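See below for the structure under consideration.
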Amino acid sequence: MKKINRRQFLQTAGLGTLASMGGIQMGFGSQLFGTRGLTNGRDILVYVFLYGGMDGLNLLPPRTGTHAANYQDLRPSIQVPNSQILPLTNSDFGFHPQADGLQALFNSGKMAIVHACGMLQANRSHFDSITYLELGTPGNKNTPTGWLTRYFESSLATPADSPIPLMVPNWNSPNSVLGSQKAVVVGSPEEFKLTAGHWAWTETSQTAMEGMYNPAGDVADRAGSLALSASATLQAVFDPNNPYVPENGAVYPTDSYFGDRLRSLAQIIKADIGMEVAYVPLGGWDTHAAQDSFADPANPGEFGGLVRELSQGLMAFYTDLSVSHAGRITIVVQSEFGRRAYENADGGTDHGYGNPLLVIGDNVNPGFFGSFPGLGAGELYEDQDVAVTTDYRQVISEILIRRTKNRFLGHVFPGFSNYTPLGVVQGQDMPPVYDFNFDNIYAAGFE
């Protein structure tokens, strides 16, 4: 049995205390002031992942032409009525009637949509598909780190002292941040506080714990130091005596965990404490039965309710930041796969393949990209699904190069080697680097 000394025991106990943060305000506010301005005007990537396999055909149904006729034949009961599809500028496609916020973003030139996007290797398993996407290595589940972990390993711009460069406002840690020392995964950022012990001891506890952890020490030291720093920073942002007021008339959806997390992220972004990437999940999209209802707009069914929550949340988030962070936010919306092109006997849809991917921001080139493969005979993948015509890594890689200035694609997406920009976002291209034994010295800024 391995022996531990007194300090190691106290560190371990302290980590347990840090893990219980969530109630009493600690006196960390003064620590924040040295962290402001860490993003230095750089772009911020907000990655929204729709867990469960979002039905892209009902989110973005075809309105006219052959595609519309085939769509109506495949979905006689759950199709979006043509009269209710929200039209999009210069497009044969439209949005679900609960997606008026997304419609407004598209029609105002703030959204690009990539048709039939996904992994080149089809997989209809939630677990496998999510794992492949979050690791960034389709077909390989043995990758030891997530794609966002490797993104920060290869970032030449991230300050070494940034307290929260990567935020996951969720109770569970996704594989995208597997192995990361940058990620702060917390279900409620507003409540990431020390709660153990009597409230009168919090200042003393804080001082004692700061002395226990060495930021340059071993794993326990670094983990404890990171947790303390992140908690201090977040508590200074979420000052209970200074309630947050969204700007520009932004209205976040009520009774919505997704809306609450976007609201918190907007507040964090405005505090300018160095957050570069946020990974935001929205689950519940596995609609095998009673998927949609269109008779009463106030009761749109399971799918329609999720679409409304997604649309209202993203519209509010964009509006809230549209002045203070104009031109600096890029939002990506993706799901692990789409649904079957045809409805099932239970008024729902089963697991499918290709799906639209949305990119929102001031620096998108608005419109549709990629090619829609069709819904007719001989056009469906295995006669069942929308096919994939665009590798999702092409889209993400373009955003990394043109917006976040990370060109080490071979490190972020191992095995990916044919970057060809679609023109989804504006920005300067850089030659991608595929074969490079990345050393952490480069991540610290040495070129």
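Residues in the stretch 290-306 that are closer than 21 Å to Thr254 by Cβ and at pLDDT 95 or above: 5 in all. The residue pairs whose first member lies in the stretch 105-124 and is over 17 Å from Arg339 (Cβ atoms), whose second member is of a type in the set (S, T, N, Q) and assigned to a helix (DSSP H, G or I), and whose beta carbons are closer than 7 Å, counting only pairs six or more residues apart or on different chains, do not exist in this structure. When the stretch 290-305 is filtered for residues that are part of a helix (DSSP H, G or I) and in contact with a helix residue (DSSP H, G or I) (Cβ under 8 Å, 6 or more places away or on another chain), only Phe303 remains.
In the stretch 99-188, counting only strands (runs of 3 or more DSSP E) that sit wholly within it, the ones holding 1 or more residues that are among the aliphatic types (A, V, I, L, M) and closer than 23 Å to Ser311 by Cβ span 111-118, 166-168. Within the stretch 287-301, being buried (at least 18 other Cβ atoms within 10 Å of the Cβ) and either acidic (Asp, Glu) or in contact with a strand residue (DSSP E or B) (Cβ under 6 Å, 6 or more places away or on another chain) (or both) holds for one residue alone: Asp292.
Sort out which residues of the stretch 243-280 are assigned to a helix (DSSP H, G or I) and among the small types (Gly, Ala, Ser), and write them in order of number. Matches in the stretch 243-280: Gly259, Ser264, Ala266, Ala271.
When only residues in the stretch 371-395 that are out of contact with any Pro (no Cβ under 7 Å at 6 or more places or on another chain) and aliphatic (A, V, I, L, M) count, which is modelled with the lowest pLDDT? Here the answer is Ala377. When only residues in the stretch 381-402 that are in contact with a Lys or Arg (Cβ under 9 Å, 6 or more places away or on another chain) and part of a loop (DSSP other than H, G, I, E, B) count, which is surrounded by the fewest Cβ atoms within 10 Å (Cβ to Cβ)? The residue in question is Gln384. Do we find a residue being more than 23 Å from Thr330 (Cβ to Cβ), among the hydroxyl-bearing types (Ser, Thr, Tyr) and either touching a residue at least 24 places away in the same chain (Cβ under 8 Å) or buried (at least 19 other Cβ atoms within 10 Å of the Cβ) (or both) anywhere in the stretch 143-152? Within the stretch 143-152, one or more residues are more than 23 Å from Thr330 (Cβ to Cβ), among the hydroxyl-bearing types (Ser, Thr, Tyr) and either touching a residue at least 24 places away in the same chain (Cβ under 8 Å) or buried (at least 19 other Cβ atoms within 10 Å of the Cβ) (or both).
The values are calculated or read from the model by the stated rules, or taken from the named source; none is laboratory data. Quantities reported herein were computed from a predicted structural model and do not represent experimental measurements. We place every Cβ from the backbone using ideal geometry, glycine too, and count neighbours over all the protein chains shown.
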